[in-house]
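Asker: Have a look at the structure that comes next, please.
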Amino acid sequence: MMGVRGSYGWERGESASGMRPRGSEGSGRGMHTYIVTVTAADRVGIVFSVTGTLRDQGGNILELSQTVMRGFFTIILSVEFPGPRNPRLLADMIAERGARFDLTVAVIEVEGGLLEPPVPDGERFIMTVIGDDHPGNIHGIAGCLMKHGVNIVDLHARVDGRRFSLVMEAFLPHDLAPGTVHAELERFGRDLGLEAYVQHENIFLATSEPSPVRVGPAHMNVRGDAVVPH
């Protein structure tokens, strides 16, 4: 089992969210893995600055996720080093190199390898919920999934005017029928004007154009047809 030791903030930051570094299965013996998170107002050059510090310290990036939300940049990285690093000093070095960006940095040391997956032998599904915006939509959707032991691994949601859109990747327990999840989401959204769609990852990939799993405003393709981003 993996343990997490220490959560070190810099300036405004006091803690960081942990994530399982899926890429660390291939890391060599004696390597030390850290989870690094960085948040700041979005500006050009932050990724270059952060990854430059990690490279100079001998780090190899195993996995990375980055996004910009409402003008704020955030990135989380799984990084391995050939020897131990002091999390506080590493955070300070990242912040110092990127001082012009006013970065909030947190570093967590990962010990002992990977966590056991919350849903062993689960199947990956893509779930989409669209409809009217209401306070508590996401809370209610998450509650429907928790009730059936579904583990959310990637989630994006957006409100445009009164339109609510959510798309997520989630693991269903092997003995849970996707129809059960769909019925639960439909039951929750019936009085809220929400529609839910549940697709196995393989079906989603086979019927969708390759693109990041994100939600956004509909746009028009070259033929003038409406396209709903996924």
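Since every read-out is calculated from the coordinates, none of them should be taken as a lab result. Since the structure is predicted, the reported quantities are computational estimates derived from the model, not experimental observations. For neighbour counting, all protein chains shown are included, and Cβ atoms are generated from backbone atoms with ideal geometry for every residue, glycine included.
Asker: May I ask you to compute the full-extension gain from HIS139 to ARG43, defined as 0.36 nm times their residue separation minus their alpha-carbon distance, rounded to one decimal in nm?
Answerer: Details: separation 96, 0.36 × 96 = 34.56 nm, distance 3.12 nm.
Length difference between fully extended and current span is 31.4 nm.
Asker: Just to verify a number: FRET efficiency for ASN151 and ARG100, C-beta to C-beta distance, R0 = 45 Å, to 0.05? Don't skip to the end; give the middle numbers.
Answerer: Details: r = 39 Å, r/R0 = 0.86.
Working from the Cβ atoms, E equals 0.70.
Asker: Any idea how far apart ASN60 and THR180 come out in nm if each label point goes 7 Å out from Cα toward Cβ?
Answerer: 4.2 nm
Asker: Related question: Modelling each spin label as a point 7 Å along the Cα-to-Cβ direction, I'd like the ASP160/GLU201 distance in nm, to one decimal.
Answerer: 2.7 nm
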